[in-house]
1. Along each of its three principal axes, how wide is the spread of alpha-carbon positions in the stretch 244-365, in whole angstrom units, largest first?
2. Suppose each label sits 7 Å from its Cα in the direction of the beta carbon; what would the Glu53-Leu309 distance come out to in nanometres?
3. Is there a quick way to get the dipole size of the stretch 244-365? I mean about its Cα centre, with the Cβ of Lys and Arg at +1 and of Asp and Glu at -1; what is the value in debye to the nearest 20?
4. Once fully extended, how much extra length lies between Thr209 and Cys179, figured as 0.36 nm per residue of separation less the alpha-carbon to alpha-carbon distance?
5. Given the protein chains as shown and a 1.4 Å probe, how many square angstrom of Tyr293 are accessible, to the nearest 10?
6. How large, in percent, is the carbon and sulfur part of the accessible surface of the stretch 143-235 at a probe radius of 1.4 Å?
7. Could you look at the stretch 244-365 and say what percent of its accessible area is carbon and sulfur, using a 1.4 Å probe and all protein chains?
8. Hey, what's the stretch 244-365 come to in accessible area per residue, 1.4 Å probe, Å²?
Amino acid sequence: MNELRLRAVREPDAPPEDKESEPEVKVDGETASDSESRAEAAPLVTPADDTPEVLNRALSNLSSRWKNWWVRGILTLAMIAFFFVIIYLGPMVLMIIVMCVQIKCFHEIITIGYNVYHSYDLPWFRTLSWYFLLCVNYFFYGETVTDYFFTLVQREEPLRILSKYHRFISFTLYLIGFCMFVLSLVKKHYRLQFYMFGWTHVTLLIVVTQSHLVIHNLFEGMIWFIVPISCVICNDIMAYMFGFFFGRTPLIKLSPKKTWEGFIGGFFATVLFGLLLSYVMSGYRCFVCPVEYNNDTNSFTVDCEPSDLFRLHEYSIPEVIQSAIGWKIVRMYPFQIHSVALSTFASLIGPFGGFFASGFKRAFKIKVGKPSLFLSLSASRPLFTSLLPSSSCPTPSATTPFKILGY
């Protein structure tokens, strides 16, 4: 692994060496471990401030701490407003957004690998990466269409043929890419090329699988997408606010600004938020009904009779709590119990996605300034797990990437 990192900084005219059996490689009298230590100690380059100029002028009299507070707050409100607009446009637009985010995330991770791979002038890496992305998406989305729109698929002859041989076609497409990779192997760079082959497949596993599960959630009902992702957003915001005002105790060295106060405050605020949001959304059919294909109208609909999960039930309160609040019975939706589990996951397990992103950025010397799209989404944690005529809701009823692979 150290050998590969040293090759990345070598002069272009220096011929590559193949010393796979040697545990330590010397370059210009310096060991690989010494070079790695020096690279680790290299300072990060701070990028230019890309905060909108109008905000810089309006907040110029504030301290850097409060200026950062207001910039984050204003941009957060803008992104939340944009999120509401997307939700209003309906599930189909949400699916398109998920696919666009998937492509952008894949592009950013692959670009890190390509920056090293391109220095050896080896063929086909980026082309094959995008080809494998196409193959994997064809397989996953083909499975989704077959499962959720079986009637439509069986009615159309071309779709029926594609559905019948879908997995065979997917396997054949992958084999073509596999053979292309083998043909692209170059002598003395085999190990590097196999590293990048693994890099591409790990990226596909992280990005495409997650987006596929998000699409499944949307088909089951928008509430299964909106509540989990809203809990993640709420946890990020409330953890920041509690940490900003009350934070004193560092939480983890990997992310020095995270505090125990923010972590705990974000947890309780997120659980309360999940209960309230799920109560409101459970009363709207356009959120709780799955996307279905209507044979009579030849269109997709989101109208159904809500299941018991989205009907109000009466629950008896334990006697210990009755004496404290004075209530014996509470009316709530069973889905609110699910929301407690989702919000707890988003609060206790979700932040580790942010820690992963922090480690990722530090590993590649990009832990600076504003994060990239992929790293922003990674910090938002994994998300839990088409053509609608209308979405209006009725009233309620820089260094080598191989180090992250452990080489």
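1. Rounded to whole Å, the extents work out to 57, 52, 19 Å.
2. Roughly 5.1 nm, to one decimal.
3. On the way: 11 positive and 8 negative charges, 229 e Å.
Dipole of the stretch 244-365, to the nearest 20 debye: 1100 debye.
4. Values: separation 30, 0.36 × 30 = 10.80 nm, distance 2.35 nm.
Here the answer is 8.4 nm.
5. Counting only protein heavy atoms, Tyr293 exposes about 40 Å² to solvent.
6. 72
7. It is 65 percent, rounded to a whole number.
8. Numbers: 7000 Å² over 122 residues.
For the stretch 244-365, the solvent-accessible area averages 57 Å² per residue.
The values are calculated or read from the model by the stated rules, or taken from the named source; none is laboratory data. Remember, it's a predicted structure, so these values are computed and weren't measured experimentally. Note that we place each Cβ from the backbone using ideal geometry, even for glycine, and neighbour counts take in every protein chain shown. Accessible surface areas use protein heavy atoms only, side chains included; no ligands, DNA or RNA. Shrake-Rupley method; radii C 1.70, N 1.55, O 1.52, S 1.80 Å.
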